[in-house]
Amino acid sequence: MPASLAGFAHPQFLVETAWLAANLGLRDLRVIDCTVHIGFDPYAEPCYTVASGREDFERAHIPGAQFVDVVSELADPANPVPLMAPGAAEFAAVMGRLSIGNRSRVVLYSGQNAYWATRVWWLLRMFGFDNPALLDGGWQKWRREGRPAEAGPAGPRRPTRFVVRAQRDLMATKAEVLAATGDPAALTINALPEDQHNFTSGVHYGRPGHITGSINIPSADLLDPNTNEFRSPAELRRRFEQAGAFDRRVITYCGAGIAASADAMALVMLGHPEVKLYDSSLCEWAADPDLPMEAPPVPTSANQAIVAFESRRLLTELREALDQQTAMTEVLQVINSSHGNVAPVFDAILEKAMRLCDAANGSLWIYESGRFRGAAACGDSQYAAWLKQQAPVRPVDMAADRQLGGEQFLQIADCREEDAYRTKPFYREMVDASRCRTALVVPLRKDEQLLGLIIVYRHEVRPFTDNQIALLQNFAAQAVIAMENARLLGELRQRTEEVAELNRGLETRVAEQVEELARVGRLKRFLAPQLAELIVSQGDEKILESHRREIVVVFCDLRGYTAFTETAEPEEVLDFLREYHGALGPLVSQFEGTLDQFSGDGIMVFFNDPVPCPDPAERAVKMAMAMREEARKLIATWRRDGCELGFGAGIAQGYATLGQIGFSDRSGYTAIGTVCNLAARLCAEAKDGQILISSRVARVIEAVARLEDLGNLELKGLRRPVAAFNVGQSTSPAEARPNLTVVARGGPGA
């Protein structure tokens with residue numbers, strides 16, 4: 001148990017932030033945010049407003065926390081008196097939605113007044129739940145300690161069943177409070193602020209003042225203003241003992257029964273045996289004119305002069321505040337319109353600072369590279385002219401070295417009485433030029449970095465007030481804003497120039513890439529796309545110049561195509577060819593062949609050029625077999641439409657001369673040689689479904705295809721017979737793969 005809780009009779013009702021941070025992962029732990037905003041306006045009706053803190057919760061909350069809307073979810077909507085406790089069934093339903101069961105450990109906190117969390121704590125105890133606790137210090141302490149937070153709506157929780165097993169008699173009725181007003185064994189405690197208890201704030205809940213006979217222990221006084229934690233047990237006990245609370249039964253109340261729960265909780269933690277809370281408090285009590293209330297009397301005539309003086313003082317302060325607010329607004333307008341030019345901003349700041357601080361001269365210095373440079377001056381024209389002539393000066397020479405140490409401001413009662421006036425020539429010259437006696441120096445800082453100084457001078461010895469010091473600090477903050485804006489705008493302009501330069505470079509690169517794409521497009525007309533891109537990426541098209549190389553040529557076309565075109569309409573022929581080329585064309589790219597031409601139904605493809613490949617014959621045969629399969633599917637469809645067509649192909653291997661042909665606007669890449677003629681003749685000889693290959697091709701691919709030896713064929717245009725082989729049909733998925741067997745072998749061939 002922390003030492004700070006040791007004096008409580010029931011320390012289990014408070015948890016430390018360190019404990020909660022270490023136990024957020026506990027399975028049965030439920031953390032509930034109870035934040036509500038409350039405001040007061042003595043001129044409004046009603047004089048107070050309450051609003052849900054859900055937006056605050058969604059901006060930031062303790063990880064895993066749920067939110068409960070105390071105003072709408074934990075108040076009885078059927079009761080005309082506001083914020084009265086809900087019924088047991090309604091309360092249990094809300095707890096179940098929050099996944100609070102009877103065995104849960106509940107930790108409550110609020111992002112505003114702690115009493116909204118103590119109100120939920122009191123309701124939980126009233127409905128028989130014995131395991132609630134308050135986060136001591138609340139959200140304020142949690143954030144001040146830099147502990148983790150998350151944003152957004154509450155994460156999903158599985159609803160559970162909350163059972164109200166007993167309803168404790170912890171709420172006092174109006175009749176009980178009335179009986180207590182004349183009972184010496186009872187004590188009624190008002191938890192509202194003292195000015196509301198005494199009706200000096202103008203805030204009331206229907207009638208001014210407090211319940212007759214009640215004493216005032218404000219709930220806010222129970223918390224340490226620096227930590228938001230409950231005060232020590234000894235201090236709390238002292239406050240309640242002075243009021244005689246431990247000798248009597250106690251009823252706490254406030255405006256609506258919210259703040260009163262903090263007093264009630266403190267008494268329970270201290271071990272008081274009999275504490276009740278008057279639910280809805282003055283909202284119900286003040287509405288009944290027959291119930292007794294009292295308020296301090298109106299000030300007597302002897303106090304009227306004091307009241308008048310105080311009113312004039314407040315009026316003067318109000319006028320000063322309005323002048324300062326107007327000046328700040330005008331400076332911000334100058335900043336907004338300066339477009340990064342700090343000179344008019346500095347001038348406006350100095351002019352308004354001198355006027356509102358009742359100073360004769362003012363100056364603003366920029367700190368750069370270890371020296372101060374005079375950036376602006378206002379007031380005495382001779383002093384302004386002197387400042388413009390000064391070169392940057394070291395901090396020690398102008399007695400400003402103390403500002404480097406982090407001082408928030410420096411007031412010099414009489415500059416001529418300072419040691420620096422006698423020992424530092426520049427300081428003496430500066431004081432004489434400004435005719436300064438009393439000076440106020442405020443640093444310009446951003447994130448602890450010193451950016452400069454703002455100084456105002458008086459010609460007489462007269463200290464600046466605390467309000468004037470605070471005002472000059474505000475002006476210093478505005479100067480920093482202007483400097484930061486100027487820096488950011490400068491960086492933005494620089495980035496804009498850099499982006500413009502990048503855009504110019506990008507335009508050049510885009511033009512180059514467009515040209516490169518055009519080259520790729522031209523090459524893709526007769527090369528596989530991957531080969532075309534390879535050539536362009538290497539930046540060398542010399543391989544497309546005329547040269548001699550051994551290649552494998554594939555020639556294929558359709559049987560019966562001429563007869564089909566003689567009877568079909570031209571449009572039908574075009575549609576037919578689009579479908580045919582659309583099915584077979586992509587196979588050329590797939591097997592990385594070089595497309596020589598589409599000529600009607602004839603397709604010529606060769607391999608091993610312009611980019612060599614290790615297995616040109618195998619690629620050629622596999623492509624032809626794939627084309628045969630695609631053509632077979634198309635032919636089956638065409639035959640249903642009355643077209644008698646077939647597919648054949650020829651493949652030969654040999655040397656050819658290759659290179660570009662055409663002209664500048666249209667060019668191609670072709671192969672010329674006997675090997676091309678042989679492939680075409682083999683294709684012409686092939687029957688429907690045959691792929692005829694020369695003996696040179698057969699020797700290379702005999703291990704990867706089924707071959708049928710056709711013997712020596714007499715081919716048109718060739719003087720000698722040619723040994724030819726037919727590539728067999730695939731009969732199963734296994735045979736469609738490479739490495740099939742040779743079933744026949746012919747005689748000598750080309």
Of the residues in the stretch 676-708, those that are open to solvent by 30 Å² or more (accessible area, probe 1.4 Å) and not aliphatic (A, V, I, L, M) come to N677, R681, E685, K687, D688, Q690, R696, R699, E702, R706, E708
D323 is checked against (1) modelled with pLDDT under 75; (2) not in a helix (DSSP H, G or I) and fails just one. What number does that condition carry? (2)
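For the stretch 636-675, give me the residue count where each residue is touching a residue at least 24 places away in the same chain (Cβ under 8 Å) and either open to solvent by 10 Å² or more (accessible area, probe 1.4 Å) or of a type in the set (A, V, I, L, M, F, W, C) (or both). Write out each step before concluding.
Initially, the stretch 636-675 is screened for residues touching a residue at least 24 places away in the same chain (Cβ under 8 Å), giving 638, 643-660, 667-671, 675.
After this cut, where a residue has to be either open to solvent by 10 Å² or more (accessible area, probe 1.4 Å) or of a type in the set (A, V, I, L, M, F, W, C) (or both) as well, the list is 638, 643-645, 647, 649, 651-653, 655-658, 660, 667-668, 670-671, 675.
Within the stretch 636-675, residues that are touching a residue at least 24 places away in the same chain (Cβ under 8 Å) and either open to solvent by 10 Å² or more (accessible area, probe 1.4 Å) or of a type in the set (A, V, I, L, M, F, W, C) (or both) number 19.
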With the structure loaded, tell me whether A482 is under 26 Å from L387 (Cβ atoms) and buried (at least 19 other Cβ atoms within 10 Å of the Cβ) or whether it fails that test. yes
Within the stretch 49-64, work out how many residues are of a type outside the set (D, E, K, R) and surrounded by fewer than 20 Cβ atoms within 10 Å (Cβ to Cβ). 7
For a quick check of your reading of the model, give me the residue pairs whose first member lies in the stretch 156-173 and is without any contact (Cβ under 8 Å) to a residue 40 or more places away in the chain, whose second is open to solvent by less than 60 Å² (accessible area, probe 1.4 Å) and of a type in the set (A, V, I, L, M), with beta-carbon atoms closer than 6 Å and at least 6 apart or on different chains. none
Can you confirm whether A151 is under 32 Å from the mean Cα position of the chain (by Cα), surrounded by fewer than 17 Cβ atoms within 10 Å (Cβ to Cβ) and among the aliphatic types (A, V, I, L, M)? yes
Residues being out of contact with any Leu (no Cβ under 6 Å at 6 or more places or on another chain) and open to solvent by less than 20 Å² (accessible area, probe 1.4 Å) - total across the stretch 596-615: 5
Among all residue pairs at least 6 apart or on different chains, which show Cβ distances below 8 Å where the first residue, located in the stretch 388-402, is more than 22 Å from A343 (Cα to Cα) and the second is open to solvent by less than 70 Å² (accessible area, probe 1.4 Å) and acidic (D, E)? A399/E418
Condition check for G662: modelled with pLDDT under 95, in a loop (DSSP other than H, G, I, E, B) and at positive phi: no
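Kindly evaluate P82 against the criterion of being out of contact with any Leu (no Cβ under 9 Å at 6 or more places or on another chain), without any contact (Cβ under 8 Å) to a residue 24 or more places away in the chain and either open to solvent by less than 20 Å² (accessible area, probe 1.4 Å) or at negative phi (or both). Steps first, please.
On the way: out of contact with any Leu (no Cβ under 9 Å at 6 or more places or on another chain): yes; without any contact (Cβ under 8 Å) to a residue 24 or more places away in the chain: no; either open to solvent by less than 20 Å² (accessible area, probe 1.4 Å) or at negative phi (or both): yes.
No; evaluated as a whole, the condition is false for this residue.
Results for (1) part of a helix (DSSP H, G or I); (2) of a type in the set (F, W, Y); (3) over 15 Å from I551 (Cα atoms), shown as yes or no for each residue.
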| residue | (1), (2), (3) |
| --- | --- |
| P586 | yes, no, yes |
| E592 | no, no, no |
| I603 | no, no, yes |
| D609 | no, no, no |
| P614 | no, no, no |
| V621 | yes, no, no |
| A624 | yes, no, yes |
| R628 | yes, no, yes |
Tally of residues being open to solvent by 20 Å² or more (accessible area, probe 1.4 Å) and under 15 Å from D641 (Cβ atoms) across the stretch 579-590: 1
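Matching residues to (1) under 25 Å from L291 (Cβ atoms); (2) open to solvent by less than 70 Å² (accessible area, probe 1.4 Å); (3) at pLDDT below 95:
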residue: L134; (1), (2), (3): no, yes, no
residue: K141; (1), (2), (3): no, yes, yes
residue: R165; (1), (2), (3): no, no, yes
residue: A186; (1), (2), (3): yes, yes, no
Where residues in the stretch 367-419 are of a type in the set (D, E) and open to solvent by less than 50 Å² (accessible area, probe 1.4 Å), which of them is nearest to the chain's Cα centre (by Cα)? D397
Given the criterion open to solvent by less than 10 Å² (accessible area, probe 1.4 Å) and on the phi > 0 side of the Ramachandran plot, identify the matching residue among G209, G202. G209
Cβ-Cβ below 8 Å, separation at least six or inter-chain, first residue in the stretch 124-135 and within 16 Å of V68 (Cβ to Cβ), second polar (S, T, N, Q): which pairs? M126/Q167; F127/Q167; F129/N102; A133/Q12; L134/T118; L135/T17
Pairs only if they're at least six apart or on different chains, beta carbon under 6 angstrom, first in the stretch 284-297 and touching a residue at least 12 places away in the same chain (Cβ under 8 Å), second open to solvent by less than 40 Å² (accessible area, probe 1.4 Å) and assigned to a loop (DSSP other than H, G, I, E, B); list them, first residue then second. E284/V81; W285/L291; A286/Y205; M293/G209; E294/G209; A295/G209
Strands (runs of 3 or more DSSP E) (entirely within the stretch 1-98) containing at least 2 residues that are within 22 Å of F162 (Cα to Cα): 29-33
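The values are calculated or read from the model by the stated rules, or taken from the named source; none is laboratory data. Please read these numbers as outputs of a predicted model, since none were measured by experiment. Note: ideal-geometry Cβ built from the backbone for every residue, glycine included; neighbour counts use all protein chains shown. With ligands, DNA and RNA removed, areas are computed over all heavy atoms of the protein, side chains included. Shrake-Rupley method; radii C 1.70, N 1.55, O 1.52, S 1.80 Å.
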